[in-house]
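Asker: This structure is in C-alpha cells; I'll ask about it shortly.
The values are calculated or read from the model by the stated rules, or taken from the named source; none is laboratory data. Quick caveat, the model's predicted, so the values are computed rather than measured. No Cβ is skipped: glycine too gets one built from the backbone with ideal geometry, and neighbour counts run over all protein chains shown. Note: areas computed on protein heavy atoms with side chains; ligands, DNA, RNA excluded. Shrake-Rupley method; radii C 1.70, N 1.55, O 1.52, S 1.80 Å.
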Amino acid sequence: MVIERWGNECWLDMPGCRHVSDTTDHIVPDRAGGPTIPANLRRACKHCNSLRQDRTLNHYGANIHAVIGPPGGGKTTYVDLHRGPGAVVLDFDGMCSALTSGIGTGHEPRQWVRDMATGMWYGAYRHAVRVTEPIDVWLVKTMPSTPRSPRLLDEWISLDYDIIVCDPGKAEVMDRLEARGGDVRGERRAAAQWYRAGISQDRIDARLTARRSRLAALGLATGAATASDSPESARPGW
C-alpha cells in the first residue's frame, strides 16, 4: 500500500542515499508512538534508514533550529535574542569556554580542549535530536559537520530543520576577531574554513524549499512556525 501510494524511491535522501528503497521507515518513530499504518510509513533505503535511526523530524516533536556561521558572526547573540523560556541550547563555543574557565581570558583553546568540546557537543546533539516533547532545541556551531558526520548540513536539510546562517561578512568578522585581542589564530583558521565552504543563507533556503516540495509531494506537512502562529496551528501534522 505504501509503494502504491507514495512510490518506492527513498523518501529520506540522506547523504549517500541509494534512492531505490529496500525497507520501510516510520515518519514518527515507533519509539515515539508512531503507528505502523500507511499514513505514517514511507519507503527508504537501508542506508538512510540506519543513518536517521529515530531522529526527530522538525515540529512533530522538538522544534530544531541550527545556527551556523563563522567565529564572531553573532551566533550566540542571535540565539539569546530569539530563544524562548525552556529552550535547550547546545553551543559549541560555550562548551569550549566552560572547559577553559579556569585558564583566564585571551588564551586560545588548545586542540585537545576543542576535541573534548566536539565530543560533548555531538554526544548532547545525538540525544537532543531524539526529543519528542514540543520544546525548542538550538544547535549552535561554526561548521555544520563533525568527524563522525562530515555532511551534517545535508542531514539537517533532509530532516527539515530550521537553519539560520549568522554571517555579517568576512571583513566584519575579521575586524571582530581582531578587536577581541589575545591569541585568535584558531578562530582565524576556523573563519577561513567557513568562507572556503561557500555556505550562505540563500543557498540553504533554496535547498530547504526543494526539500519541502519533495515532502509535500509525499503527503507530508512541512513548514516552520512563525511569530504570528499559535503553537497548535504552526505544528505540521506529521
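Asker: Can you compute the helix-only [θ] at 222 nm over the chain? Use -39500 (n - 2.57) per DSSP H run of at least 4 residues, normalise by all residues, nearest 500 deg cm²/dmol.
Answerer: Details: 10 runs with 98 residues, N = 238.
So the calculated ellipticity at 222 nm is -12000 deg cm²/dmol.
Asker: Given an 8 Å cut-off on Cα distances and at least 6 residues of separation, report the relative contact order of the chain as a percent. Working shown, then result.
Answerer: On the way: 357 pairs, mean separation 56.4, N = 238.
Value for the chain: 24 percent.
Asker: Ranked by accessible surface with a 1.4 Å probe, highest first, in what order do Thr36, Thr23 come?
Answerer: Numbers: Thr36 100, Thr23 35 Å².
Ranked list, largest accessible area first: Thr36, Thr23.
Asker: Taking amide H positions as placed in the peptide plane 1.01 Å from N, state which residues far from Val89 in sequence (5 or more) or on other chains have amide H under 5 Å from it.
Answerer: Distant-sequence amide H within range of Val89: Trp138.
Asker: Further question on the same structure: Using the 4.7 Å Cβ rule, please list in number order the cysteines from the chain without any candidate partner.
Answerer: Singleton cysteines: Cys17, Cys48, Cys96, Cys166.
Asker: Compute the FRET efficiency between Met116 and Asp30 as 1/(1 + (r/R0)^6), taking r as their Cβ-Cβ distance and R0 = 35 Å, and round to the nearest 0.05.
Answerer: Numbers: r = 34 Å, r/R0 = 0.98.
Plugging the Cβ-Cβ distance into 1/(1 + (r/R0)^6) gives 0.55.
Asker: Using a 1.4 Å probe and counting only protein heavy atoms, arrange Tyr78, Tyr122 so the residue with the most accessible area comes first.
Answerer: Values: Tyr78 60, Tyr122 35 Å².
The residues order as Tyr78, Tyr122, largest area first.
Asker: Hey, with R₀ at 22 Å, roughly what FRET efficiency would Ala217 and Ile135 work out to, going by the Cβ-Cβ distance, to 0.05?
Answerer: Values: r = 29 Å, r/R0 = 1.33.
Between Ala217 and Ile135 the formula returns 0.15.
Asker: Let me check something: with ligands and nucleic acids excluded, how do Tyr195, Tyr60, Tyr125 order by accessible area (1.4 Å probe), largest to smallest? Show your work: numbers first, answer last.
Answerer: Values: Tyr195 60, Tyr60 40, Tyr125 5 Å².
Most to least solvent-accessible, the answer reads Tyr195, Tyr60, Tyr125.
Asker: Return the single residue from His47, His26, His82 with maximal mean-square fluctuation; model: Gaussian network over the chain, springs between Cα atoms under 10 Å.
Answerer: Largest GNM mean-square fluctuation: His82.
Asker: Could you tell me the relative contact order of the stretch 50-132? Use alpha-carbon pairs under 8 Å, at least six residues apart, and round to a whole percent. Don't skip to the end; give the middle numbers.
Answerer: On the way: 39 pairs, mean separation 37.8, N = 83.
This gives 46 percent for the stretch 50-132.
Asker: Once phi is turned into θ = phi - 60°, what whole-Hz ³J(HN,Hα) does the Karplus curve with 6.51, -1.76 and 1.60 give for every residue of the stretch 170-185, x standing for Gly and Pro?
Answerer: 4, 4, 5, 4, 5, 5, 5, 5, 5, 5, 5, x, x, 8, 10, 4
Asker: For Rg and Dmax of the Cα atoms in Å, pick the label among (1) 18.7, 73; (2) 17.2, 54; (3) 19.1, 63 that corresponds to the value derived from the coordinates.
Answerer: (3)
Asker: So how much slack lies between His19 and Arg126, counting 0.36 nm per residue of separation and subtracting their Cα-Cα distance, in nm?
Answerer: Values: separation 107, 0.36 × 107 = 38.52 nm, distance 2.47 nm.
So the chain would gain 36.0 nm between His19 and Arg126.
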